[in-house]
Amino acid sequence: MLSIAVLCTTYFVSCNNKKAGPDVSHIPVAVKLQRLEPAVFGLDSNNLSTAVPVLVQQNAFAADYFTQLLGINPAALTPDAEAGLKQFLRSYRPVFEQVQSKYKNMADVTAQIEDGFRHVKYYYPNYQLPRVITFLAPFDAPGAVLTKTHLGLGLQQFAGKDFAAYQDPQIQEMYPAYISRRFDQEYLAPAALKAIADDIYPDQSTGRPLIEQMVEKGKAWYLLHQFMPDAADSVLWGYTGKQINWLQENEGNIWGYLLSNENLYSIEPVTIQNYLGDAPFTQGMPESSPGNIGQWVGLRIVEQWVEKNSKLSLPEILATPAKQIFDESKYRPK
């Protein structure tokens, strides 16, 4: 069973004056990033029934790749599966060439993931870090997958925001411009660390009232920020710089709007989706607002509560009930 996380400005530029993270330089972590996609696209298409099992034997991630991401049983390649694989290799050849050109050298991405992994080990010393590998799958496949042994990064979601394939109408239906603009290199490391964060603290918001879901999802962002304390907000949260400025300038107005127009304890799916769903902007607010505004408000509530409980460890913060965090935060932005 795969644990899937998809994600979506300059990496080491922060939009806020954040406190520096802990010193993790002494923590021994070495990431050796592997590349699966050259081996896949180098398969002999005239001899796939033999070539695919050989690749699976050579690469521990390959079995999950074929089974979970391509829907193919590599141990018993049927004629239909072989034809589908040939079609994939043929039609995605331009995508493969694009990512190979863009990612000739992944040293910067590897260094960012390595730094993130050190922070993971700082807070969770017993966490078993996975091996990191890149792959290329259909566009509807996730940008990051976590298996028992590997963290896979799907480069089909990081080929560059201006990549021509993302402008195709069918792809735009799947990934509108406000999402595909994040399909670039600076979002790779955050996608990797988000997959780890989701594994450590799985989403616990389903079925809860709006405000509790906001705080739960705010905890998730808080955790990701601890793993990547130097990353820009725009990279971590997927907002543009203008949207972050708008949020910071209008925090009090946003909260006032929620108090005046919504029941914070609503469990209505439409209401929750409006504030916790990805969108070009939040319905009922100016078009300069971002979507998923509830998660940002939830993060601010968590941050305010943590300031009052600074002696708690990160696991203790995450273990605190969302309602308790909200009630004790006394969140009243101006």
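The values are calculated or read from the model by the stated rules, or taken from the named source; none is laboratory data. Quantities reported herein were computed from a predicted structural model and do not represent experimental measurements. Don't worry about glycine lacking a Cβ; one is built from the backbone with ideal geometry, like all the others, and counts go over all protein chains shown.
Going by the conditions given, is residue 239 assigned by TED's automatic domain parsing to the domain that holds residue 318 and either in contact with a helix residue (DSSP H, G or I) (Cβ under 8 Å, 6 or more places away or on another chain) or in a helix (DSSP H, G or I) (or both)? Walk me through how you get there before you give the answer.
Working: assigned by TED's automatic domain parsing to the domain that holds residue 318: yes; either in contact with a helix residue (DSSP H, G or I) (Cβ under 8 Å, 6 or more places away or on another chain) or in a helix (DSSP H, G or I) (or both): yes.
Here the answer is yes, as residue 239 does meet what is asked.
Please name all residue pairs, on different chains or six or more residues apart, with Cβ atoms under 6 Å, provided the first residue is in the stretch 141-157 and is outside the structural domain of residue 37 (by TED's automatic domain parsing) and within 20 Å of residue 180 (Cβ to Cβ) and the second residue is surrounded by fewer than 24 Cβ atoms within 10 Å (Cβ to Cβ) and modelled with pLDDT under 95.
Once the first residue is outside the structural domain of residue 37 (by TED's automatic domain parsing) and within 20 Å of residue 180 (Cβ to Cβ) and sits in the stretch 141-157, no partner that is surrounded by fewer than 24 Cβ atoms within 10 Å (Cβ to Cβ) and modelled with pLDDT under 95 comes close enough.
Any residue that is within 27 Å of residue 325 (Cβ to Cβ) and hydrophobic (A, V, I, L, M, F, W, C) - is there at least one of those in the stretch 203-212?
Yes, the stretch 203-212 has at least one match.
Every residue, every condition in (1) more than 17 Å from the chain's Cα centre (by Cα); (2) assigned to a helix (DSSP H, G or I); (3) on the phi < 0 side of the Ramachandran plot, yes or no:
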{"residue": "162", "(1), (2), (3)": "yes, no, yes"}
{"residue": "165", "(1), (2), (3)": "yes, yes, yes"}
{"residue": "182", "(1), (2), (3)": "no, no, yes"}
{"residue": "198", "(1), (2), (3)": "no, yes, yes"}
{"residue": "202", "(1), (2), (3)": "no, no, yes"}
{"residue": "208", "(1), (2), (3)": "yes, no, yes"}
{"residue": "213", "(1), (2), (3)": "yes, yes, yes"}
{"residue": "216", "(1), (2), (3)": "no, yes, yes"}
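Within the stretch 251-258, does at least one residue satisfy the condition of being in a loop (DSSP other than H, G, I, E, B) and either within 15 Å of residue 208 (Cα to Cα) or out of contact with any Gly (no Cβ under 6 Å at 6 or more places or on another chain) (or both)?
Scanning the stretch 251-258 turns up no residue that is in a loop (DSSP other than H, G, I, E, B) and either within 15 Å of residue 208 (Cα to Cα) or out of contact with any Gly (no Cβ under 6 Å at 6 or more places or on another chain) (or both).
Take the residues in the stretch 70-92 that are over 29 Å from the mean Cα position of the chain (by Cα) and exposed (fewer than 15 other Cβ atoms within 10 Å of the Cβ), then tell me which one is nearest to residue 137 (Cα to Cα).
86
Only one of (1) farther than 18 Å from residue 205 by Cα; (2) touching a helix residue (DSSP H, G or I) at 6+ places or on another chain (Cβ under 6 Å) is not met by residue 259, so which one is it?
Going through the list (1) farther than 18 Å from residue 205 by Cα; (2) touching a helix residue (DSSP H, G or I) at 6+ places or on another chain (Cβ under 6 Å), residue 259 breaks only (2).
Residues that are within 23 Å of residue 180 (Cα to Cα) and either modelled with pLDDT of 95 or more or assigned to a strand (DSSP E or B) (or both): does the stretch 37-56 have at least one?
Yes, because at least one residue in the stretch 37-56 is within 23 Å of residue 180 (Cα to Cα) and either modelled with pLDDT of 95 or more or assigned to a strand (DSSP E or B) (or both).
Counting only residues that are surrounded by 17 or more Cβ atoms within 10 Å (Cβ to Cβ) and of a type outside the set (A, V, I, L, M, F, W, C), give me the helices (runs of 4 or more DSSP H) lying completely in the stretch 272-332 with at least 1 of them.
Counting at least 1 such residues, we get 293-308, 322-329.
Scan the stretch 99-110 for residues that are under 13 Å from residue 154 (Cα atoms) and assigned to a helix (DSSP H, G or I) and jot them down. Spell out how you get there, then give the answer.
To start, the set of residues in the stretch 99-110 that are under 13 Å from residue 154 (Cα atoms) comprises 99-100, 103.
Within the stretch 99-110, 99, 100 qualify.
Does at least one position in the stretch 123-136 carry a residue that is in contact with a helix residue (DSSP H, G or I) (Cβ under 9 Å, 6 or more places away or on another chain), assigned to a helix (DSSP H, G or I) and either at pLDDT 95 or above or farther than 20 Å from residue 68 by Cα (or both)?
yes
Can you work out which of the residues in the stretch 93-130 that are within 22 Å of residue 140 (Cβ to Cβ) and over 22 Å from the mean Cα position of the chain (by Cα) is surrounded by the most Cβ atoms within 10 Å (Cβ to Cβ)?
94
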